[in-house]
Every structure is written in structure tokens, then in C-alpha cells.
Amino acid sequence: MKLYDACVTEFKKVIFHADDLSCFDIKKLILMNGEGNIANIKSYTICNNKVELELKDNINIKNECYISYENITKKVIYTDIFNSKEFNKIYYHDGPLGILYSKEYTIFKLWSPAASSVKLLLYMSSEPYENEKSIKHEMKEIDGVWYVLIRQNLKNMYYTFEVEVYNRINEAVDPYAKALGINGHRGYITDLLETNPRGFKNDNSPVINNFTDAILYETSIRDISIHPDSGVVNKGKFIGLCEENTFSSKGISTALNHIKELGVTHVQIMPFFDFSFHSVDEKNPQNYNWGYDPQNYNAPEGSYSTNPYEPNCRIYELKELIQTLHKNGLCVNMDVVYNHYAGEENNNFEKIFPGYYFRFNNDGSFVKGTGCENDTASERLMFRKFMIDSMIYWATEYHIDGFRVDLMGIHDVETMNLIRESLNNISSKIMLYGEGWNLGTKLPEEDKAIISNAYKMPHIGHFNDMIRDTLKGSVFNAWDTGFVSGKQYLEQQIKKCVTASINFNNYGLFQTPDQSINYVSAHDNNTLWDKLEISNGGSGFEELKKMHKLANSIVLTSQGIPFLCSGEEFCRTKNKIENSYKSPDYINRLDWERKAHFLDTFAYYKGLIKLRKEHPAFRMNDTEYLASHIEFICNTPRNVVAYILKDYANGDSWKDIIVIYNANTYPVKIHVPFGTWKQVTDVYVSGTEIIRTVTDFHLEASGISTCVYYKNN
Ligand code: CA
């Protein structure tokens, strides 16, 4: 008889499957729950190839559980019991975890119902060297929470936990650690009040009324300033992006100066929580890495600070950056990566409570829907709580204005809604959006936080892959083209995208405009420029530039929330490297010399941003209102979409606005209501200034262009 899929489903119930139960003899079955501890089986039932055992006493989860039949032994996994109400009733802990510091005492709390003992280890040094012995303190347990109170001022000491679990002794970093030693190997006890720059308590975020008012700009701390000609002193550091009025040697605005000039509202910063020292060694940060491999969720990355050996420095400098961006009218959105955790088994969560924080296959192996080592389990109450606590902490301690959730589709709908609710308690202006991709993780389809469940998650945004791929072609096929690059019959799709892909007449993705993050490229995949070059071999340089501008002018004029990948505004290239997550700086950095060659494109993007910011018609926030204030113009030529934003839409100062997207290489004429139309955007110029006035019932749009006209009569 072959055993498989053995699991504890309730404290007194074990289920397993076998290939052939015809000769099954219960007397030959042994259930071991810890050394020398044979569980008492009260009764059993057989149904097809499944056996259900009812036990006399509760399974002790502090011991591993094995089932033996004749010569075969199988581990009984705890996955189901950890998801059960029974378990949560005893062990779910609602209170704060981690450390609570004061001058008089510090309280340490760690959650691990599986641990048989936990000790607090205190150190003077930030990493294991110099043969320093730790000072050990035994911790006590109440229902899975281990705690100790030390009546001493422990400021400036380092700490870890020594967890004895399933006969192993693991040293782990507190998942709630707010400050860290070099490379994140130890937590650090600090007084957070001392990490605030001057005036930080009075730091206020710029005001936005609706999420649709946001214009997102994705960048990385390193990319934005590392170029030798960036004019930034602290290149690749948090405070490099604090430097104001920086220019390249050619007098081109760079870094913060550049972002301000462009006019976006939100800077979305790629991972800046502490990521794995395997990716970037904080002692010698020569290697490049995007940082999508979290190591400590609640403290900043050390390689972005000017002194990673000084634990308060990274906190102080990140706060200084956020304060500076706020002062310059920019909100700060954080890229968070809770979907997996660096180090397959050898990570802090697994060291503290093996088998709890991740999703497991029936054979006990990690589920890898993320394509990384281990999918986390947001449906488990204590990981859900961890995610919520973590985001609340960043929002309150660091004044973060929004969260971009990496591979959000790995998480569950309920968790995302609870995060939205918790953020609302701080401010309903904090943005929450992410990648709602449907990946093969172990979660029922209806529970996944994916685009097709967007209707279950009000006011949570999703990266809109429909607009992305309609505009430029699929990201999974480099040679595929889209609307801007000559693919035919995409007019209906474009119309859908223009209306934030809202689900009108059972066709669409979203319920409200603020659910659609409109974009054509992000840090993943080829840059827009590279994609257009690869997929349009025959097109000349000027034509590619027109396609580039057409793509993002659709993003920036569509309803929803526009998103730009930094450098797009000057046709960023990564030499056609699709996944540059660990490519060198010269591939990833923003190249200010290139900007000097594409100043016309930069000016065009800038003009579109100004147009969007000054004209609320492009930022309608209500679905019904949107439906009644947009009208598509019929009988337009092929590969053309034209529409009117009408009746002073959303309080606009212009009565009627006509937007024409012409993807043909030749000019077209559109039949429109008669009037005196003022053109503000054409193929070369964009913005709000009048380029020409036409009194007619025909308007022209040149080849591969977006044209915007308005009339007030
Ligand atoms: Ca690190």
C-alpha cells in the first residue's frame, strides 16, 4: 500500500490517501506525534482511497507528525490545520509584535505556536564576527506569542531570536524589525524619534482629491541618479534624489529636477525595503539588482544609504527623501513585494514557524506560482496581519502615499480589501494598486486578487494589460505589434481602454476609473522604444518617435490613472534587454545624454501632463458620470478613434474637447459638430496653448498622431 497526501485537518483529525485500501489493517498503522509519542486513534472511516482518522487527543503542533504503515513512513503536513478556525481561535494574535522600545525597558514579542522554546539574543555588533557571545534571555509563551521584558535601556543594541522548533535551533531576524545592522543580518534597537529629519512631524503629503488625479512615475533609487553625468553628488542613494536643481554637463535637468519639470504627481519607487544581501552586498554595492527579493519588510535597504553600517542612517535618509519629495509637490508610492520571500527554506519566517507563512503543495513542497522560490499565504491570518501591519507602519512612520503591490494576484481578495480598509483609517487618499495577474498559486480562482475579480475590490487599482498590449502588442511576443505600430482592427479595443476599461454592457475589466492603471510599459519587459524598434524593423527613426508619442498620449488622455516608466519621456532604451533585473548600471540607468537627444519627445510628454493636470475632463472619477460625458465619433476612418469629452466634463473650463488618435501613417479628416475648434495638441506640440483655430465641421489629424481640439461655443 502506497501512502500519499497525509494531513492534519483538525486537532483531532488526520486524513491520508492511499493507492489501494482493500487490505487495509488499522493495527498496522502508526501515527507518531513527536519522539516516542504514538497518537491514540479513536476511530477511522474509509471512503474510496481516503482514510479519515479520529484521534483521542489533540495533535501537538510543536511536534512534527509522521504516519507509518508497514515499511512506509510519510510526513503528515499541517497546512489545513493552520487554516482552520480551531487554530485561529487559539493562536491568532491581534496585538502588536516585534519590539516596543522605551528608555526604561524594551518588550520583545515573537509569534510562533510551533516553537518549543525561544530566546532573545542581544549583541553589541551588527553581524556575526569577532566571536562576540550574545546575552541570552529566555522568553515565555502565551498561546503562541513569546515575550520578554528587559528593564534596561537597550538602545543601540542588536538582536535576533533563537527559536527551537521541530528539534532544530534557528537564529532568526525579527520579521517586524524596524532597524537593521549591515546586510540585514540582525535587528537593531533604536529610538525612532531620533531618526526623524527636522520638521518631519509636520511633513504633509501634497493633496490629491481622487486617485484619477494621480500621474504615476516609476523609477528606482539607483537608476535615477547613477549616470556619471547626472550632476547628482550622492549617486544611487536615497539622498541623491533629494538634491534639487541638478543638471547634466549639457545643462539638461536631471533626477528630481527632471521629475519636477515633467510634472507628474506621484513617484513610484521600486523596492527600497531591505532586499537580500545575495543580490546587493551593502558593504560593497557593486552588483545591480532591482530588489524584488525581500529580506526584511519593515526597514529600508542599506545600499541606498550613505552609511549602511549605521542603522539609523538609512531610516533618516529615506525620511529625508520622502520629506523632500513632498515639499516639491510629489507623492511617494512604495513598491511592496509580499508575494514571496528571499531564501526558499532558509528564511526568517520558515526559521520561526516552519510551514505557516507559505503555501504548500500536498507533498509539502513550496508552491511557486510567483516563479520565485515560495508563494506566501495571505489567507493565513497571521501573514495577512503581517502585510497589513507592515503597510500601516510604512504609511504612518514614513508618510508613504500609496502602495504598488507586486504580483497582487498571488494574494487573496479579502486581504486586499482589509488593507484598503486599514489604509482608509489613516487616509482614504493612500493609493493601493497592483499587478492582478492570474498565476498558478494554490488559491481558489474566486479568491485571487486578480483583474477578473476587480469588481470585488472597490478602489483597488490594477495594472491594465489590455491597454498595454492593445497599444504596442503583446509583451510575450517581442515581434507583435499594436494599435500605434500598425496592427489593424483595434479601434473597439482602444475605445474600451479610453474609458478606463470599465465593464459597460458586460465587456470590460473594471467598475470605476480609479481601478485602471493605464500604461504601455513598466520596468518589466522591453522598454517601449525597444519594443517598437524590434516589432517595426521597417520604420524609420522619426516614425518610431511618433508611435512612441502616440502610445503615451493615449495613456495620458485616457480615463483612469496614467503610469509612466521613468525615461520613457526620452525614449529610454535598455539595449533590448527584456529583463534587466540584474543588468549593470549602464543598461538600467537613466541616460541624461540620451535625454539631450530627445528633448522634443520630453517636451511633448510634459505638455500632455500639463494638459491632463489642467483639464479635469481627462480625470473623471465616477462611472455613470463618465458614461454620460464621453461620446465616440462614428464613421471615422480605419485605425482612428475619436471622441468628445462634453459639457464641461468634470468641471472643465473647456466645453467640448475632441481627441483624435490616428494610427495611420497618413493624415485623416474627421467629421465633427460644427464650431470654432482650437487645436492644442498635434503630432509635434502638446499642451494647452492654442496652435491653430479651425471653424469647420471637419478636423484634421496628421499621420501617427494624437490631436486635441476644444471649443467653448
Ligand atoms: Ca539589503
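The values are calculated or read from the model by the stated rules, or taken from the named source; none is laboratory data. No experiment lies behind these values; they were computed from the predicted model shown. Note that each Cβ is placed from the backbone with ideal geometry, even for glycine, and that neighbours are counted across all protein chains shown. In case anyone asks, the SASA skips ligands and DNA or RNA and just uses the protein heavy atoms, side chains included. Shrake-Rupley method; radii C 1.70, N 1.55, O 1.52, S 1.80 Å.
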Cα pair distances of the chain binned at 10 Å [whole percent]: 3, 14, 22, 22, 17, 11, 7, 3, 1, 0
Added length on full extension, which subtracts the Cα-Cα distance from 0.36 nm per residue, His597 to Asn664: 21.5 nm
Two-site label geometry, Tyr625 and Asn71: point separation in nm, points 7 Å out along Cα→Cβ: 7.5 nm
Proximal aspartates and glutamates relative to Lys109, as straight alpha-carbon distance under 14 Å, when same-chain residues fewer than 8 apart are discounted: Asp94, Glu138, Glu141, Asp143, Glu162, Asp174
Sulfur and carbon atoms: percent of accessible area, the range 362-467 [1.4 Å]: 50 percent
Between the range 622-672 and the range 411-458, the alpha-carbon center distance in angstrom: 32 Å
Compactness relative to 2.2 N^0.38 Å, alpha carbon Rg of the range 73-162: 1.33
Solvent-accessible area per residue for the range 1-74 (1.4 angstrom probe, square angstrom): 57 Å²
Length-normalised contact order for the range 338-458 - Cα pairs under 8 Å, 6+ apart - percent: 25 percent
With eigenvalues of the C-alpha gyration tensor scaled by 5 and rooted, the range 116-251, Å: 41, 20, 16
Heavy-atom surface of the range 396-468, accessible at 1.4 Å and reported per residue (Å²): 33 Å²
Which listed pairs, of Lys448/Lys495; Lys495/Lys549; Lys13/Lys89, have C-alpha distances above 22 Å, in listed order: Lys448/Lys495
Sites Lys28 and Tyr309 - FRET efficiency at Förster radius 56 Å, r taken between beta-carbons, to 0.05: 0.40
Unsatisfied cross-links (Cα-Cα over 20 Å) in the set Lys28/Lys74; Lys75/Lys140; Lys613/Lys646; Lys235/Lys319; Lys103/Lys133; Lys283/Lys574: Lys75/Lys140; Lys103/Lys133; Lys283/Lys574
Label-point separation, Ile426 to His278 (7 Å along Cα→Cβ), nm: 3.0 nm
Additional length obtainable on full extension of the chain from Asp20 to Phe674, 0.36 nm per residue less Cα span: 227.4 nm
Near-label residues of the range 472-498 by backbone N, under 20 Å of a point 7 Å along Cα→Cβ of Phe632: 472-473, 482-498
Longest site-free stretch - the chain; sites: GluC sites (Glu not before Pro), DSSP loop, at most 13 other Cβ within 10 Å: 346-688
Extended-chain gain in nm, criterion 0.36 nm per residue less alpha-carbon gap, Asp94 and Thr9: 28.3 nm
The range 622-711: proportion of alpha-carbon pairs further apart than 22 angstrom, %: 22 percent
Under 13 Å from the Cα of Lys201 - aspartates and glutamates, other chains or at least 8 residues apart: Glu320, Glu397
Shape call, the range 343-405: gyration tensor on alpha carbons, a/c limit 1.5: prolate
DSSP-assigned coil residues among chymotrypsin sites (Phe, Trp or Tyr not before Pro) in the range 266-357, each with at most 15 further Cβ atoms within 10 Å: Tyr309
Cα-centre dipole for the chain with unit charges at Cβ (Lys and Arg positive, Asp and Glu negative), debye to 20: 780 debye
Residues Ile534 and Asn48, FRET efficiency given R0 of 45 Å [Cβ-Cβ distance, rounded to 0.05]: 0.25
